[in-house]
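Have a look at the structure below, then the notes.
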Amino acid sequence: MKKKVVVGLSGGVDSSVSAYLLQQQGYEVIGLFMKNWHDDSVTISDECPWLDDSNDAMMVADKLGIPFQTVDLSEEYKERIVDYMFNEYERGRTPNPDVLCNREIKFDVFMKIALNLGADYVATGHYCRKGEIYQNGETVYQLLSGKDNNKDQSYFLCQLTQEQLSKTLFPIGELQKAEVRKIASEQNLVTADKKDSQGLCFIGKVRLPDFLQQKLQPKEGKIIEIEAEKELYASETPNFSNKREELDYMVKKYEYAPSDGKIVGKHQGAHYFTKGQRKGLAVGGTPEPLFVIDTDVVENVIYTGQGKNHPGIYRKGLFIQQDEVHWVRKDLALNTEERLKVQARIRYRQPLQEATLHQTENGMYVIFDDPQASITEGQFVAWYEGEELLGSGVIS
């Protein structure tokens, strides 16, 4: 009996080639297009042609001679992703919809639909790989980075579980992007030269303030500039009586008050801004560009600093609440008071950074060898050992 695979056909080149390769490998392939959520009032409509995407997906399925259908997941998407995003921004945090979309939609709701269709596996066009090792008579699944370093998408899958990985295939993980395009071209797939989609997972290009303004009302507030020479940055490192005190000190945020700096402009809502942001401040006349170093959604104040080397941008570590710590490799999870040397990243495409995990009863500290720019609450940190992504967590 042929094994049955449902491919998430997105209308892009990566998923198209994934379907073709699986067919070549002898699987029975079914194409499924997810309609996730669409709101014309906030998307730059021409840039979010979900209808075009579903047509392209259908044409690819037709060319390959595989069954195809569209599933409407807008309700689940709104509930699990869109509402979550509003809630996070309201709290002054910056969520990552792509990581959530994979965890909540593609590898949960979508996967359940596929398995109900009798599928043995679900496949996606992600640039990452799956490994298998055998321990104590059991198979342990590994999430490995894609061979194309420039396209590696393992970070977006950092919340997957062993159960989800066991049912997943990543057909293009061993390939370079150029090879994927070449295969699509040779097979005359309509998506061969299609540009990669940009923007929010399945929503397309969105004007984020417009998107957020549906729920979060604009509210004028002050933009305050904090000077790099401020004494709060020059404090001596204290003596610590125990390791926990030292860890707390390394992950501590700078606390700002409006009296610490000068007013340089106005904004329409602190919850529309995120740490490290440079565009959209509309404040000119400074020798170096202004960067957001912190936001206060309660007082509706944005704190900024000049230049990308401003000390307010950098921190040595971060903390993850215990219920937000996630191990892809559960067998490697740390016990309280254990430590582990890893490489970690706090955003997609960031080169891996040397770091140490410190597990406590309340959660996990991730301390970097070098201070990191714009550690942002609500984003995900993922940690690796070489090519393997071991786990992740939400920055608190």
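The values are calculated or read from the model by the stated rules, or taken from the named source; none is laboratory data. Computed from a predicted model, the values in this text were never measured in an experiment. Virtual Cβ from ideal backbone geometry, glycine too; neighbours counted across all protein chains shown.
Just a few scattered comments:
- TYR348 vs. criteria within 18 Å of the chain's Cα centre (by Cα) and surrounded by fewer than 21 Cβ atoms within 10 Å (Cβ to Cβ): yes
- Of all residues in segment 281-297, one or more are free of Cβ contacts under 8 Å to residues at least 12 places away in the same chain, farther than 30 Å from GLU132 by Cα and surrounded by fewer than 21 Cβ atoms within 10 Å (Cβ to Cβ).
- Look at (1) among the charged types (D, E, K, R); (2) assigned to a loop (DSSP other than H, G, I, E, B); (3) touching a residue at least 12 places away in the same chain (Cβ under 8 Å) and you find that ARG129 fails only one, number (2).
- Some residue of segment 73-82 being in a loop (DSSP other than H, G, I, E, B), outside the structural domain of THR274 (by TED's automatic domain parsing) and touching a strand residue (DSSP E or B) at 6+ places or on another chain (Cβ under 8 Å): yes
- Looking across ARG181, ARG129, one residue alone is buried (at least 19 other Cβ atoms within 10 Å of the Cβ), under 24 Å from the mean Cα position of the chain (by Cα), among the basic types (Lys, Arg) and modelled with pLDDT of 95 or more. It is ARG129.
- Residue count, segment 285-304 (criterion: of a type outside the set (Ser, Thr, Tyr) and touching a Leu at 6+ places or on another chain (Cβ under 9 Å)): 5
- Residue count, segment 1-24 (criterion: within 15 Å of PHE107 (Cα to Cα) and more than 22 Å from the chain's Cα centre (by Cα)): 2
- Test: residue in segment 105-121 that is outside any helix (DSSP H, G or I), in contact (Cβ under 8 Å) with a residue 24 or more places away in the chain, of a type outside the set (A, V, I, L, M, F, W, C) and closer than 18 Å to ASP14 by Cα: yes
- Residues in segment 134-144 include none that are at pLDDT 95 or above, surrounded by 14 or more Cβ atoms within 10 Å (Cβ to Cβ) and not in a strand (DSSP E or B).
- Residue match in segment 350-361 (condition: free of Cβ contacts under 8 Å to residues at least 12 places away in the same chain and either in contact with a helix residue (DSSP H, G or I) (Cβ under 9 Å, 6 or more places away or on another chain) or not basic (Lys, Arg) (or both)): yes
- Evaluation of LEU332 against (1) within 30 Å of GLY137 (Cα to Cα); (2) not assigned by TED's automatic domain parsing to the domain that holds ALA355 (one fails), failing number: (2)
- Looking across LEU318, LEU334, one residue alone is over 28 Å from LYS151 (Cα atoms) and not small (Gly, Ala, Ser). It is LEU334.
- Qualifying positions in segment 62-80 - in contact (Cβ under 8 Å) with a residue 24 or more places away in the chain and more than 27 Å from GLU28 (Cα to Cα): SER74, GLU76, TYR77, LYS78, ARG80
- Within segment 362-383, being within 11 Å of ARG339 (Cβ to Cβ), aliphatic (A, V, I, L, M) and touching a helix residue (DSSP H, G or I) at 6+ places or on another chain (Cβ under 7 Å) holds for one residue alone: ILE367.
- Of all residues making up segment 241-255, the number that are closer than 19 Å to ASP369 by Cα and assigned to a loop (DSSP other than H, G, I, E, B): 2
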